[in-house]
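Just below is one structure, and these are the notes that go with it.
The values are calculated or read from the model by the stated rules, or taken from the named source; none is laboratory data. In this text, all values refer to a predicted model and were calculated from it rather than measured experimentally. With ideal geometry, Cβ positions are generated from the backbone for all residues, glycine too; neighbour counts draw on all protein chains shown. Side chains included, ligands, DNA and RNA excluded: accessible areas come from the protein's heavy atoms. Shrake-Rupley method; radii C 1.70, N 1.55, O 1.52, S 1.80 Å.
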Amino acid sequence: MGTVALDSAGISLKDGGENGGLANPKKLDAGALFVLKSEGTWLHCGYHLTTAIVAPALLSLPFAFTLLGWVGGVLCLTSAGLVTFYSYSLLSIVLEHYAQLGKRHLRFRDMAHDILGPGWGRYFVGPLQLGICYGAVIACTLLGGQSLKYIYLVSSPNGSMQLYQFIIMFGGLTLIMAQMPSFHSLRHINLVSLFLCLTYCACTTAGAIYIGYSRNAPTRDYTITGVGINRGFGVFSAISIIATTYGNGIIPEIQATIAPPVTGKMFKGLLVCYSVVISTFFSVAISGYWAFGNQSQGSVLSNFMANGKPLLPKWFLVITYVSTLVQVSAVNLVYLQPTNVVIERQFADPNKGELAVRNVVPRLIFRSLSVIIATTLAAMLPFFGDIMALFGAFGCIPLDFILPMIFYNVTFKPSKGSLIYWGNSLIATISIVLAVVGAVASVRQIVLDAKTYRLFANM
């Protein structure tokens with residue numbers, strides 16, 4: 001039972017298996033061969049999905065509620081959860097369909113190449129995914145530095161260290177961990193990440209409830225912030241925040257880590273992931289907004305400090321911040337994988353071993369370079385969250401809300417009178433409108449905040 005490595009569409013064949021049957025196969029490039037090894041189980045897939053989706057970005061959900069109110073916030077959070085679960089399930093079905101035809105896709109760009117045409121994969125989906133994922137790496141590096149700074153300020157409230165110094169420290173940790181050769185090799189790290197996200201979300205929820213009932217509880221006002229056009233743009237900004245929080249953008253790469261046969265395994269992984277999503281997203285969003293109302297800040301953890309003084313015991317804050325710090329390092333590694341695929345494809349030799357000197361040396365050099373660039377940008381641009389909101393509107397919504405619907409309709413060609421055809425078309429159309437308006441709202445916010453921007457600011 002020999003295994004044959006196939007072309008850049010990312011195919012892995014086993015004699016007589018579900019992936020068999022292509023004539024004149026070409027060898028996989030080094031990016032697919034080394035980084036996207038297909039050796040995992042559906043449980044490993046669940047760990048990867050959870051780390052990619054249940055990230056510290058969810059701590060901004062109470063802030064999104066300040067722009068939407070109780071009804072709008074719960075409705076948008078629920079709708080986005082249902083749509084993304086449906087969307088990722090459709091994407092998985094399409095991937096399984098091509099695997100059964102003997103043409104397994106290991107990358108998002110390969111799906112677009114085969115389904116929509118070569119230009120879509122090379123000039124739109126590939127660059128878009130790479131930009132979004134590398135932007136997420138920069139944002140995670142910034143968040144890791146902020147978490148380190150929070151821990152420092154809890155122990156030394158009058159400390160003089162600057163944010164960029166903590167970002168560099170976090171970048172050093174990422175520099176070491178980024179050398180792990182494949183996506184599959186992150187499975188144990190991502191299992192730990194799953195428990196850590198449950199930990200800091202439980203701490204955040206408990207902390208918000210504790211503060212809400214304490215004698216130091218802030219005055220709660222649930223009036224939606226903004227008036228007139230500002231409120232309208234605020235609504236679309238909030239929708240972009242929620243969409244980005246649920247965003248993933250690497251579903252094909254995660255499914256690529258599953259050993260064949262792949263049928264049904266991704267759906268089980270999604271069930272694992274969304275059981276964590278439901279227990280964390282809603283608890284943090286509802287408890288945070290209940291406790292702080294429209295005073296909820298960009299990260300609800302910032303509300304745990306008032307006038308430089310902690311509203312919770314220091315040991316409790318340290319547990320929360322450390323859990324966030326370690327988990328965001330795992331998220332960072334997950335979103336580095338598309339960059340690693342490109343690096344391996346360009347500089348590694350698929351005819352040599354994964355750990356051969358010929359491949360280890362360029363891997364060490366270019367992965368380190370990618371981390372150094374991301375760390376430098378995070379230190380220079382501590383206001384990167386505003387820019388990431390724009391990336392989310394342009395990237396997360398197309399990759400997670402629009403393309404899966406199009407891929408399904410193009411692949412399976414459901415009847416134009418069927419519910420699934422019109423349902424997919426409606427979701428894609430609404431998502432396109434939200435992406436455009438969300439992008440405009442994000443650009444507007446960048447313009448409004450531009451006067452406060454300063455390179456290497458200590459925020």
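At 1.4 Å probe size, with every protein chain present, just tell me what the per residue accessible area of segment 28-68 comes to in Å². Working shown, then result.
Numbers: 830 Å² over 41 residues.
I get 20 Å² per residue for this part.
Relative to the dominant Cα principal axis of the chain, helix 419-449 is inclined by about 50°. Over the chain, DSSP H runs of length four or greater, each weighted -39,500 (n - 2.57), average out per residue to a 222 nm ellipticity of -22000 deg cm²/dmol. Across all C-alpha atoms in segment 140-188, the radius of gyration and Dmax reach 13.5, 43 Å. Against the criterion of solvent-accessible heavy-atom surface with a 1.4 angstrom probe, Y164, Y88 sort, most first, into Y164, Y88. Taking the three principal axes of the alpha carbon atoms in segment 181-273, the coordinate ranges are 55, 36, 26 Å, sorted in descending order.
With respect to the cross-link table entries K37/K352; K265/K413; K103/K416, which display a Cα-Cα separation exceeding 22 Å? Cα-Cα > 22 Å for K265/K413; K103/K416; rest within. Considering only C-alpha atoms, what is the centroid distance from segment 167-223 to segment 286-328, in Å? Using only Cα atoms to place each centre, the spacing works out to 11 Å.
Can you check what the Kirkwood hydrodynamic radius comes to for segment 53-141, Cα pairs only, in Å to one decimal?
Computed over segment 53-141, the radius equals 15.6 Å.
Quick one: angle between helix 126-155 and the longest Cα principal axis of the chain, in degrees between 0 and 90, rounded to 10, please. Helix 126-155 sits at roughly 40 degrees to that axis.
Using only alpha carbons, segment 220-291 has a radius of gyration to Kirkwood radius ratio (Rg to Rh) of 1.16.
How big is the Kirkwood radius of the chain, worked out from every pair of different alpha carbons and given in Å to one decimal? Don't jump to the answer; show the numbers that get you there.
Details: mean 1/r = 0.0442 Å⁻¹.
Evaluated over the chain, this radius sits at 22.6 Å.
What translational D, rounded to a whole number of µm²/s, comes out for segment 103-164 from Stokes-Einstein when the hydrodynamic radius is the Kirkwood one over Cα pairs, at 10 °C and 1.306 mPa s? D = 110 µm²/s. Note on K451: lysines with a C-alpha under 30 Å away, same-chain residues under 8 apart excluded, are K149, K309. Taking amide hydrogens as placed 1.01 Å from N in the peptide plane, the amide H of G40 sits under 5 Å from those of I258, A259, each at least 5 positions away in sequence or on another chain. For segment 276-353, the calculated P(r), taken from all Cα-Cα distances in 10 Å bins from zero up to the bin holding the longest distance, is 14, 31, 25, 13, 11, 5 percent. Set against the 2.2 N^0.38 Å expectation for a compact globular protein, segment 302-459 has a Cα radius of gyration ratio of 1.45.
Taking the C-alpha atoms only, the angle from helix 314-347 to the longest principal axis of the chain is near 30 degrees.
Show me the ranking of peptides 264-270, 398-404 by mean Cβ neighbours inside 10 Å, starting with the highest. Working shown, then result.
Details: 264-270: 19.9, 398-404: 23.9.
Per-residue mean Cβ counts within 10 Å order the peptides as 398-404, 264-270.
Quote the Stokes-Einstein diffusion coefficient, in whole µm² s⁻¹, for segment 328-384, based on the Kirkwood radius over alpha carbon pairs, a temperature of 37 °C and a viscosity of 0.692 mPa s. For the chosen part, D equals 262 µm²/s. Radius of gyration over Kirkwood radius for segment 400-454, both on Cα atoms: the Rg/Rh ratio is 1.28.
Packing-based ranking of 231-240, 335-344 yields 335-344, 231-240, ordered from highest to lowest mean Cβ neighbour count within 10 Å. Scoring 156-162, 302-308, 221-227 by mean Cβ neighbours within 10 Å over their residues and listing the highest first yields 302-308, 221-227, 156-162.
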